[in-house]
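Here's the structure we're looking at; comments come further down.
The values are calculated or read from the model by the stated rules, or taken from the named source; none is laboratory data. For clarity, every value in this text was computed on a predicted model and none was experimentally measured. Cβ coordinates were reconstructed from backbone atoms using ideal geometry, including for glycine residues, and neighbour counts include every protein chain displayed. With ligands, DNA and RNA removed, areas are computed over all heavy atoms of the protein, side chains included. Shrake-Rupley method; radii C 1.70, N 1.55, O 1.52, S 1.80 Å.
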Amino acid sequence: MAFGRCMNCCLVLAVLVAALVGFLLSHEHPIAPIFVYMNLAMGIGKPKTEAVGDDVKPAARPEGEKFLSLPSGASMPANGIGMCCRPTAYEFESVRRTVLWYLLLGGRHIDTADVYTNHVAVGQGIRDAIARGVPRSEMFVTTKVWPDSFGFASTTTAVRRMAKELGLDYIDLVLMHAPRNLHPRLLLHTKFGFKDDEFVNHDCRNQTACRAETWRALSALIDEGLVKDAGVSNFQVHHMKQLQNLGLKPISVHQMQYHPWVSKTQAEVVSFCHRNKIAITAYFSLGGFNNLDKALGVDIVHDMAAAHKKRPGQILLRWALENNVSIIPGTGNPKHMRENLDIYGFSLSSAEMEKLNSLSGHPMAKEFFLFEDLAV
């Protein structure tokens, strides 16, 4: 009897696992639904982004706003908003309202990605802002190609689809989201020495060839005019050198995790980018979803905020800007958007910058997960 019940339970479990695997594999990016539903679950019972009143008009852009120059001649606003990693970045109406709020409050840099699955809602927010008087020419839209789509033909197809989903005639910046794919073969290849890597079933067959073919596609799309600039995310120095050696379009931007708890490896990547005139965009500037509260509560940050009559988060964002790094803090709250945009009216002294730089040796630095650790 007990054995029979156990067999029935195992059978049900096997069916459920098979159904889950089938569901995930039915998506272009199998990791996307996991990411989306996890964040939506965390948002249960929490407020969505508030509605934007019909009387809300475009505000002036931040006084003293900073820009980073890109190879195309474009000027990328150094202060943007990330459309990832929180419940309000995945529910359609919250995404639309977030983008609309941000653009009406004076922000102009929107960062999203194919794997976030929110292009359509982001595009609707952009169109709503244009209808209220925010010029498309002032906006800077970034999106990213997930490694599932690496390869010349697949990248070309993906970028054309993303532009259509966003409703844009051109995309300001397209990044390769990561040098490696989050796939079981990644661990088998890097940790257990398996010969074939996670790209073995792509037309390009291996990680090096797939990155090269993807960069060829992005370079061609720049020549076509659909993409203005191209860049990378979560890359190590040797990955970027590989693309540079192709002799195609220059790498415009590298998006990476960056904050005062930066590792030595990350600091080397930043130095390489600055030497090679590759602009840097930081994600997790405030510590990310795992370390946000800890980062904002560190004594050095807290005391500095009190001295400047600012919030701790504004100190961390200003630190990045003064290191010539752009930022994309994510929020669906208009109040926090205003705070994140209000970081141009003060500066940090050399002594304050040194204090913040010293946090790279803080015990908390070991608590950050780095995708780069997998991306060998």
Matching residues, the stretch 123-175, being of a type in the set (Ser, Thr, Tyr), in contact with a helix residue (DSSP H, G or I) (Cβ under 7 Å, 6 or more places away or on another chain) and in a helix (DSSP H, G or I): SER149, THR155, THR156
Only listed residue being touching a residue at least 24 places away in the same chain (Cβ under 8 Å), under 17 Å from SER233 (Cα atoms) and of a type outside the set (S, T, N, Q), chosen from ILE300, ILE280: ILE280
Pairs, first closer than 15 Å to PHE92 by Cα and open to solvent by 90 Å² or more (accessible area, probe 1.4 Å) in the stretch 34-48, second in a loop (DSSP other than H, G, I, E, B) and not small (Gly, Ala, Ser), C-beta under 7 Å, six or more apart: LYS48/GLU91
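Are there helices (runs of 4 or more DSSP H) fully within the stretch 263-342 with at least 1 residues that are basic (Lys, Arg) and either farther than 25 Å from LYS48 by Cα or touching a His at 6+ places or on another chain (Cβ under 7 Å) (or both)? List them. Outline the logic, then answer.
Working: elements: 264-275, 288-297, 299-308, 312-322, 334-341.
Answer list for the stretch 263-342: 264-275, 312-322.
How many residues are crowded, with 22+ Cβ neighbours inside 10 Å and either in contact with a Cys (Cβ under 7 Å, 6 or more places away or on another chain) or outside any loop (DSSP other than H, G, I, E, B) (or both) when one looks only at the stretch 84-93? Break it down stepwise before answering.
Our first condition is that a residue be crowded, with 22+ Cβ neighbours inside 10 Å; within the stretch 84-93, this holds for 88-90.
From the residues that got through so far, the ones that are either in contact with a Cys (Cβ under 7 Å, 6 or more places away or on another chain) or outside any loop (DSSP other than H, G, I, E, B) (or both) too are 88-89.
Number satisfying all stated conditions: 2.
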Tally, over the stretch 142-157, of residues that are hydrophobic (A, V, I, L, M, F, W, C) and crowded, with 24+ Cβ neighbours inside 10 Å: 2
Residue match in the stretch 224-232 (condition: over 21 Å from the mean Cα position of the chain (by Cα) and assigned to a helix (DSSP H, G or I)): yes
Failed item in (1) buried (at least 17 other Cβ atoms within 10 Å of the Cβ); (2) of a type in the set (Asp, Glu); (3) free of Cβ contacts under 8 Å to residues at least 12 places away in the same chain, with GLU352 passing the rest: (3)
